[in-house]
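Just so you know, all these numbers are worked out from the coordinates, no wet-lab data involved. This structure is a prediction, so every number in the text was calculated from the model and none was measured. Every residue, glycine among them, receives a Cβ derived from its backbone with ideal geometry; neighbour counts consider all protein chains shown.
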Amino acid sequence: MFSLEKIAFKPFTQKAFLATPTMHGEELDYIRLAYDTNWMSTVGENINEVERIAAEKAEVGYAVGLACCTAALHLCVKLAGERLYGKPAISHGALEGRRVFCSDMTFDATLNPVVYEGGIPVFIDTEADSWNMDPIALEKAFTLYPEVKLVVMAHLYGFPAKVDEIKRICEKHGALLIEDAAEAMGATVNGKQCGSFGDYAAISYNGNKIITGSAGGCLLTNSLEDANRARKWATQARENAAWYQHEEVGYNYRMSNVVAGVVRGQYPHLEEHIAQKKAVYQRYCEGLRDLPVTMNPIVDGTEPNYWLSALIIDEDAMCAQLRDDSRALYYPKAGKSCPTEILEVLAKYNAEGRPIWKPMHMQPMYRLHECIGREGSLRCRTNAYIAGGVPDVGADIFQRGLCLPSDNKLTEEQVDGIIALIHACFA
C-alpha cells in the first residue's frame, strides 16, 4: 500500500522510463531461425506466423506484416480510397481533394497517410469521457459535410474510444472506418478486440509499444483480396512475371523476417505486459486519489491495455502555464501545479514523463485545417492555458494533462516515488 511518509526524495538510481521494450529470450530463438535458414529478407516462416497470430489475436480474418505501423495505415488509406473512389491516375492519390474525418488528439502518423493520398484531414474534437474521438462531434461533422465517406480514428494510450458508436455512425452515413489501434493492441470494447471494428485497422510493434519487434506493424482486414493487394503494394507492386513488371505504384513496406522473429517471440507475453501496465495504472490511481487530478478515463464496457498512464489536473488547481511551439513556462503557486512543473520535477529525479499529444489542429502544418466539435467548427485561439477559456476539449486536455512513467518494469518503490514527487508539486 502506498505511503507518502516512507518516500525519500532523491533521484532514482535506475531511471523510471515512460515505456521501454521488455525482452524474454524466445525472441532470440526466432531470430536465430531466420539466420540459420538464411531467410533474412522480407519472406520467411516468422512473417507467416506473425501474420497468423496477429489476425487471431485481433479477431480478424487476415493480417499483413509491414515495416511499421505508418506503412500499415498508409495502405489502409489507399485500400479505402480505391474502394470508395476507384483507382486514381498514377500522378494522384486515392483521396485527391477529398475531406476525411480524423482524430484530433493523436500522433500525426494516424492521419499523415491521408495527406500522402491527397486527402484533406478534417479533425474531430476529443470527448472528456474517453479522451478519444467524440461521437457527437462526428455526427455533427456529417451534417456539415455529408459527402465525406472515410473516418480515421485512434485509441489514445491504449484506452479504447467509443469505437462501437463511431462504427454505427459511419455505417449510418455510408462511410468506411480506419481504426488506428497502434497503441491499443489487446484492449477490448465489450469483449471485442480493438483493431476488429474498422473496415481496415493497423497495429504497431514499435520499440515502446505493449509488445515490440523493434519496428514493424500489421494491417488488419477481413478481406483476403485486400490483404493480397496490400502485400503486393508493400513489395513494390511487382506483377507476376519472370522480370520486374509494374503496372501501378508500389512501396518497400514489407516486414523483415528478422523483425518478425522478435515479434513472434513477444506475442506469448502480451497479456503479461498488459497485467503489469494495469498494476502501474492502479497504483497511480490509489496514490493520487487525494490530489486534484484525474487519471485516463475508462469507458464502461472497455478494458484498456494501459499502455501509458496519464493524468489531467483539475482546472482550479492549475497554476499559470504558457507554451509556444517549442517552449513552456509556468508561474509557481502554492497548492497548484501544471504539466510543465511536474514534468520538470520528474526529469530532475531521473523519471521520464511526456506531455499529452498536442492536438493536430494546433500543429503548425495543420492549423488551417478545420476542427469540428459538438457545436460546429472550432478554432484554437491560443497555446496558453486560460481558466474557463479553453476553446475545445482536446486543447484543454493537452494544456492540463501529462503522461507518467509507465514502463511495465517499474518497481512499486519507483511508482511510489513518482507519486510523492507529484504530491510535492502541489504542496
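A compact table of results
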quantity	calculated
Cut-off under 5 Å, modelled amide H: who pairs with L18 long-range	E352, S406
Positive dipole terminus of the chain, leading residue within P364, A420, F12 (C-beta point charges)	P364
Debye, to nearest 20: dipole size of the stretch 26-268, +1 on Lys, Arg Cβ, -1 on Asp, Glu Cβ	380 debye
Convex hull of Cα atoms in the chain, direction-averaged projection (nm²)	21.2 nm²
Exposed-loop-free span, longest in the chain, where GluC sites (Glu not before Pro) count as exposed if DSSP calls them loop and at most 16 other C-beta atoms lie within 10 Å	249-374
Two-decimal Rg to Rh for the stretch 214-314 - Kirkwood Rh, Cα set	1.20
Longest segment of the chain lacking chymotrypsin sites (Phe, Trp or Tyr not before Pro) that sit in a DSSP loop with at most 11 other Cβ atoms within 10 Å	10-242
Environment charge at D164 (Cβ cut-off 12 Å; Lys +1, Arg +1, Asp -1, Glu -1)	0
Fraction of antiparallel bridges per DSSP, the stretch 26-268 only, in percent to nearest 5	45 percent
Modelled FRET efficiency - R0 35 Å, A89 with K172, Cβ distances, 0.05 increments	0.65
Relative contact order %, the stretch 234-309, counting alpha carbon pairs below 8 Å whose residues are six or more apart	23 percent
The stretch 229-278 - percent relative contact order, Cα under 8 Å, separation 6 or more	28 percent
Residues with amide H under 5 Å from that of A310, placed H, sequence gap 5 or more	N296, L404
Label-reachable residues, the stretch 349-370, where backbone N falls under 15 Å from a point 7 Å from A427's Cα toward its Cβ	349
Whichever lysines have a C-alpha closer than 29 Å to that of K277, once near sequence neighbours (fewer than 8 apart) are set aside	K6, K10, K15, K57, K162, K167, K192, K209, K336, K348, K358, K409
Percent of beta bridges antiparallel (DSSP, the chain, rounded to nearest 5)	60 percent
Rounded if a/c under 1.5, otherwise prolate or oblate - the stretch 26-268, Cα gyration tensor axes	oblate
Karplus 3J(HN,Hα) series, Hz, for the stretch 36-52 with 6.51 cos²θ - 1.76 cosθ + 1.60 (x for Gly, Pro)	5, 8, 6, 8, 9, 9, 9, 9, x, 4, 4, 4, 4, 6, 4, 5, 5
Chain lengthening between Q245 and I136 when straightened (0.36 nm per residue, less Cα-Cα)	34.5 nm
For A154, distant residues with modelled amide H under 5 Å away	S103, M133, D180
With Cα atoms, 0 to 90° folded angle of helix 270-287 axis to the chain main axis	20 degrees
Difference of contour (0.36 nm per residue) and Cα-Cα distance, K192 to L368	59.7 nm
Percentage relative contact order, the stretch 26-268, counting C-alpha pairs under 8 Å, at least six apart	29 percent
Net lengthening on full extension, N228/Y331 (0.36 nm per residue, minus Cα-Cα)	31.5 nm
The chain, helix-only ellipticity at 222 nm - DSSP H runs n ≥ 4, -39,500 (n - 2.57), divided by all residues, nearest 500	-10000 deg cm²/dmol
Under 11 Å, Cβ to Cβ, from E147 - net charge with Lys/Arg +1 and Asp/Glu -1	+3
Alpha-carbon centroids, the stretch 107-166 and the stretch 37-75: separation in whole Å	26 Å
Charge tally in the Cβ shell below 12 Å around C76, where Lys, Arg are +1 and Asp, Glu are -1, C76 excluded	-3
Dipole magnitude of the chain about its Cα centre (Cβ charges: Lys, Arg +1; Asp, Glu -1), debye to nearest 20	660 debye
